[in-house]
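Asker: Below you will find the structure I want to go over with you.
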Ligand code: MG
């Protein structure tokens with residue numbers, strides 16, 4: 001079939017599967033060619049049913065019959081089709097379709113997606129892993145294990161976000177304190193300095209180290225922490241501020257030389273435009289499906305490149321291997337690739353998503369199959385149905401007096 005032949009969307013479906021106990025949303029775009037279809041990631045794990053509804057009850061009837069070649073035109077139309085726009089549910093739904101259309105385009109061209117994006121700019125994709133534990137002994141063991149596996153970039157935490165989940169640190173709560181993931185910002189700040197001190201003492205200065213504040217601090221405390229961790233020469237300090245406090249990055253930039261990364265919660269271009277144009281950040285960390293897929297990510301990456309801002313796409317466990325592979329095609333081809341977060345794949349995920357990226361000696365590699373190249377075994381996926389018992393507890397963060405804060 002020629003690349004100008006009229007091939008149209010015949011049906012758009014959404015699947016939910018949880019091979020690692022985390023609900024993943026996969027979108028399939030079927031076409032007028034019986035053997036031609038594509039898969040995309042639409043994983044918004046905490047509201048996955050809303051995404052499935054947006055895909056199957058809105059995008060499917062609205063976009064049947066559209067020419068699959070016209071990805072940009074379809075993306076723009078999807079964005080306008082709900083009138084209100086730029087929210088995580090609808091962006092994820094759009095991402096599922098957008099990534100599936102890029103998958104289809106690669107299959108039609110008989111090329112892996114990175115070839116359509118300009119070809120390889122590097123041979124391997126450097127990735128970082130997460131080291132954590134309830135004690136320094138556990139964290140240290142975790143870092144040793146990753147070093148033995150060949151990783152050279154490691155995000156270091158102790159006690160997860162806020163540094164003291166599980167009430168490891170002595171937090172005094174009021175009477176009748178509700179359940180939640182309590183943390184004390186000041187205890188947390190001191191614990192980070194202590195942790196990084198131990199990391200450098202035991203592992204030296206060749207290890208590239210990150211830390212994720214996860215928006216747990218007030219702006220002025222984030223500034224103080226950035227200055228305190230400056231001597232540890234981080235690869236980057238992540239999400240030091242909430243998305244709505246982005247302009248305060250100006251003060252961090254003026255007063256510290258700590259490389260700054262932000263963006264996994266961004267869903268709207270206004271959240272990144274000013275901070276990139278002013279070079280207040282060094283790494284942009286959006287979650288591809290939360291901004292609407294590959295099409296807007298290409299635009300964002302090229303915009304960031306003009307300001308020497310590098311990419312560090314969000315790569316948590318609540319991202320399907322299709323979504324991970326999609327962003328790795330960008331990683332392979334973009335001049336301003338910085339680093340890729342990687343959470344590993346379980347055996348069950350490899351079974352459901354054949355052909356997913358492989359990591360050897362700290363570098364990720366894609367296969368050269370056409371399109372995104374990570375497949376979806378619909379039969380295997382049914383063995384791992386959606387779970388209703390996902391743990392939401394860490395999302396109920398609280399200050400010591402019980403005040404709810406955003407995680
Ligand atoms: Mg993060």
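Taken together, the values in this text are just the output of simple stated rules run on the coordinates, not laboratory data. Small disclaimer: the values here were computed from a predicted structure and weren't measured. As a convention, Cβ positions derive from the backbone with ideal geometry for all residues, glycine included, and neighbour counts pool all protein chains shown.
Asker: Between 119, 163, 323, which gets the highest mean-square fluctuation from a Gaussian network model of the chain, Cα cutoff 10 Å?
Answerer: Among 119, 163, 323, the largest mean-square fluctuation in the Gaussian network model of the chain belongs to 119.
Asker: Right, another one. Based on DSSP, what percent of beta bridges with both residues in the range 118-368 are antiparallel, to the nearest 5? If you can, show how the numbers build up before the last one.
Answerer: Numbers: 5 of 24 bridges.
Bridges in the range 118-368 are about 20 percent antiparallel.
Asker: Sticking with this one: Give me the extension gain from residue 200 to residue 147: residue separation times 0.36 nm, minus the current Cα-Cα distance, reported in nm with one decimal.
Answerer: That works out to 17.7 nm of additional length.
Asker: Oh, and also: Counting helices only, and only those DSSP H runs with n ≥ 4, report the 222 nm mean residue ellipticity of the chain as the sum of -39,500 (n - 2.57) divided by its residues, in deg cm²/dmol to the nearest 500. Present the calculation step by step, with values, prior to reporting the outcome.
Answerer: Working: 15 runs with 145 residues, N = 407.
For the chain, the value works out to -10500 deg cm²/dmol.
Asker: Could you check which residue among 26, 229, 97 shows the biggest mean-square fluctuation in a GNM of the chain with a 10 Å Cα cutoff?
Answerer: In this elastic network of the chain, the residue with the biggest mean-square fluctuation among 26, 229, 97 is 229.
Asker: A follow-up question, please. Compute the Cα gyration tensor for the range 208-301, then decide on rounded, prolate or oblate, letting a ≥ b ≥ c be the square roots of its eigenvalues: rounded whenever a/c is under 1.5, prolate when a/b is larger than b/c in the other cases, and oblate in all that remain. Display every interim value, and only then the final one.
Answerer: On the way: a/c = 1.93, a/b = 1.71, b/c = 1.13.
It comes out prolate by the Cα gyration axes.
Asker: Something else now. For the chain, what ratio Rg/Rh do Cα atoms give with a Kirkwood hydrodynamic radius? Kindly include the intermediate steps, with their values, before the conclusion.
Answerer: Numbers: Rg = 21.2 Å, Rh = 21.9 Å.
Over the Cα atoms of the chain, Rg/Rh equals 0.97.
Asker: Find the relative contact order for the range 288-407 and round it to a whole percent, using C-alpha pairs within less than 8 Å whose residues are 6+ positions apart. Please list the in-between numbers first.
Answerer: Working: 126 pairs, mean separation 23.1, N = 120.
Relative contact order here is 19 percent.
Asker: I've got another one for you. Hey, with R₀ at 45 Å, roughly what FRET efficiency would residue 360 and residue 175 work out to, going by the Cβ-Cβ distance, to 0.05? Could the numbers behind the result be given before it?
Answerer: On the way: r = 54 Å, r/R0 = 1.20.
The value I calculate is 0.25.
Asker: Right, here's the next one. Which residues in the range 6-26 place their backbone N less than 17 Å from a point set 7 Å from the Cα of residue 389 along the Cα-to-Cβ direction?
Answerer: 18-23
Asker: Something else: Starting with the fewest neighbours, write out 356, 121 ranked by other beta-carbon atoms found within 10 Å of each beta-carbon. Numbers along the way, then the final one.
Answerer: On the way: 356 21, 121 14.
Going from least to most buried by this count: 121, 356.
Asker: For the chain, what relative contact order do you get, as a whole percent, if you take Cα pairs closer than 8 Å and at least 6 residues apart?
Answerer: Numbers: 849 pairs, mean separation 88.9, N = 407.
Computed over the chain, the figure is 22 percent.
Asker: Normalised by the number of residues in the range 8-163, what is the relative contact order in percent for Cα pairs under 8 Å and 6+ residues apart?
Answerer: Details: 241 pairs, mean separation 31.3, N = 156.
Relative contact order comes out at 20 percent.
Asker: A further question follows. Take the chain, connect every pair of alpha-carbon atoms lying under 10 Å apart with a spring to form a Gaussian network, then pick out the residue of 379, 227, 105 with the largest mean-square fluctuation.
Answerer: So, out of 379, 227, 105, the one fluctuating most is 379.
Asker: Multiplying the sequence separation of residue 83 and residue 278 by 0.36 nm and subtracting their Cα-Cα distance, what value in nm do you get? The partial results should precede the final answer.
Answerer: On the way: separation 195, 0.36 × 195 = 70.20 nm, distance 3.03 nm.
That works out to 67.2 nm of additional length.
Asker: At 0.36 nm per residue, and after removing the present C-alpha to C-alpha distance, how many nm does the segment from residue 111 to residue 67 gain when stretched out fully?
Answerer: Working: separation 44, 0.36 × 44 = 15.84 nm, distance 1.96 nm.
The residue 111-residue 67 span can extend by a further 13.9 nm.
Asker: Ok, one more. So in the range 228-364, what percent of DSSP beta bridges are antiparallel if you round to the nearest 5? Spell out each step's value before the answer.
Answerer: Numbers: 2 of 9 bridges.
Here the share of antiparallel DSSP bridges comes out near 20 percent.
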